[in-house]
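The values are calculated or read from the model by the stated rules, or taken from the named source; none is laboratory data. What you are looking at is a predicted structure, and each value in this text was computed from that prediction instead of being measured. Methodologically, a virtual Cβ is constructed for each residue, glycine included, from the backbone with ideal geometry; neighbour enumeration extends over all protein chains shown.
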């Protein structure tokens, strides 16, 4: 796999750009409602995305829109429940090695249906899900099991809120420690992995996990 030239942005700069884009989106001042043909022509020759987004497949959470990002800005990986499996790890490795992308954001969202389905299956096992659907549930399960052993079990709304965040954290940890390539780039300060949650109600993205002190989201 060829290695890209030095990226145009540091991880902190890429994170600040995402935060600024989300702030424009929330204010209704997005800059990228359309794209000019000239931009598409330039990008046909290559790409250099400044961030990789591992997000949920939910139709209400399109990363390019909620970060007000243009064509070629984001390397987006979407899967129900923003879970981490071999194909997701490989995609992150590809973006980091080929394009030098310095930032990975694991993006969960409020009231995630995949997380809710996992909670329901663990509390009331049906045994009716397909093998493929079960593979998603089984990857979210570690984030939910510990919460079910607490008082949150009796508060469905709070349980789901905490489970969404726990699932983001688990996915971040799996990326950080599930690949020698990713772990090596993190140790060499070439890659930063952070977690975040998108609010379906407000449109705001809150960064939750792994944000360094040098980065100042919201500033």
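Examine the range 196-210 for a residue that is at pLDDT 95 or above, under 21 Å from residue 62 (Cβ atoms) and assigned to a helix (DSSP H, G or I), and state whether such a residue exists.
Checked against the condition, which is being at pLDDT 95 or above, under 21 Å from residue 62 (Cβ atoms) and assigned to a helix (DSSP H, G or I), the range 196-210 yields no hits at all.
Assigned to a strand (DSSP E or B), within 22 Å of residue 90 (Cα to Cα) and either touching a strand residue (DSSP E or B) at 6+ places or on another chain (Cβ under 8 Å) or without any contact (Cβ under 8 Å) to a residue 24 or more places away in the chain (or both), is that true of residue 137?
When the stated conditions are applied, residue 137 does not pass them.
Got a sec? Which of 46, 72 is farther than 30 Å from residue 166 by Cβ, out of contact with any helix residue (DSSP H, G or I) (no Cβ under 7 Å at 6 or more places or on another chain) and assigned to a loop (DSSP other than H, G, I, E, B)?
Step by step, each of 46, 72 is checked, and only 46 is farther than 30 Å from residue 166 by Cβ, out of contact with any helix residue (DSSP H, G or I) (no Cβ under 7 Å at 6 or more places or on another chain) and assigned to a loop (DSSP other than H, G, I, E, B).
Is there any pair linking a residue in the range 77-105 that is on the phi > 0 side of the Ramachandran plot and crowded, with 18+ Cβ neighbours inside 10 Å to one that is at pLDDT below 95 and not in a helix (DSSP H, G or I), with Cβ under 6 Å and at least six apart or on different chains, and which?
Going by the 6 Å Cβ cut-off, the qualifying pairs are 100/4; 100/7.
Test residue 23 against the stated conditions and say whether it is surrounded by fewer than 10 Cβ atoms within 10 Å (Cβ to Cβ) and either at pLDDT 95 or above or outside any loop (DSSP other than H, G, I, E, B) (or both).
no
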